[in-house]
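Asker: Attaching a single structure in structure tokens format; questions to follow.
The values are calculated or read from the model by the stated rules, or taken from the named source; none is laboratory data. Note that the structure is a prediction, hence the values are computed from the model and not measured. All Cβ positions, glycine included, derive from the backbone under ideal geometry; neighbour counts span all protein chains shown. Just the protein is used for accessible areas: all its heavy atoms, side chains included, with ligands, DNA and RNA removed. Shrake-Rupley method; radii C 1.70, N 1.55, O 1.52, S 1.80 Å.
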Amino acid sequence: MKLFLLASLVVLAAARPQDLEPQYKTLEDAGILRMESTMNEDGSFQYGFETTDPIQQDVAGQPKQIGEEIAVVMQGSYSFQTPEGQTITINWVADEKGFQPQGDAIPVAPEDPNAAAQAAAFGALTPIEPVVLASPGAPSSLI
């Protein structure tokens with residue numbers, strides 16, 4: 001057992017990375033053109049970054065009283081370039097109404113041409129009264 005443990009330690013030592021120099025010495029070497037982050041005493045914050053890809057993101061958030069709870073609401077945007085060279089930008093808000101993205105690249109469902117007819121048909125339905133079925137052997141007072 002001691003031999004196995006010793007052999008394992010030798011293998012681990014030999015397998016460790018030999019180059020202890022970081023791959024990137026600066027953020028620019030890693031392709032990061034801008035990186036900012038701010039946290040304020042009131043709980044609000046902002047952060048953003050931009051890369052050489054080009055990818056860009058900016059976000060701001062702050063605490064907000066929603067009902068009896070305190071939540072963090074945020075708003076921001078991000079953009080990136082498609083392989084075809086088109087820049088896609090999405091602006092968004094995340095608050096008590098949920099995540100709400102906006103942008104030309106977000107698909108929009110077509111309008112349902114039967115929506116009015118379906119609503120009229122649904123409105124014309126009469127409610128169905130529930131029927132209670134007694135199981136065999138149940139007292140007659142339940143029927």
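Asker: Largest first, what is the accessible-area ranking of Asp53, Asp95, Asp112 with a 1.4 Å probe?
Answerer: Sorted descending by solvent-accessible area, the residues read Asp53, Asp112, Asp95.
Asker: Right, next: Note down the relative contact order for the chain as a percent, whole number, built from C-alpha pairs under 8 angstrom at least six residues apart.
Answerer: Rounded, it is 10 percent for the chain.
Asker: Compute the signed sum of charges (Lys and Arg +1, Asp and Glu -1) over the other residues within less than 9 Å, Cβ to Cβ, of Tyr47.
Answerer: Overall, the nearby charge balance is -2.
Asker: Averaged per residue, what accessible area in Å² does the chain show with a 1.4 Å probe, protein chains only?
Answerer: Spelled out: the 1.4 Å probe surface of the chain, per residue, equals 85 Å².
Asker: Mind listing the long-range amide H neighbours of Leu33? Cut-off is under 5 Å, sequence gap 5 or more, other chains count too, H placed in the peptide plane at 1.01 Å from N.
Answerer: Under 5 Å from the amide H of Leu33: Glu50, Thr51, Thr52.
Asker: Same structure, new question: Quote the relative contact order of the range 23-104 in percent (integer), defining contacts as alpha-carbon pairs under 8 Å separated by 6+ residues.
Answerer: Answer for the range 23-104 is 17 percent.
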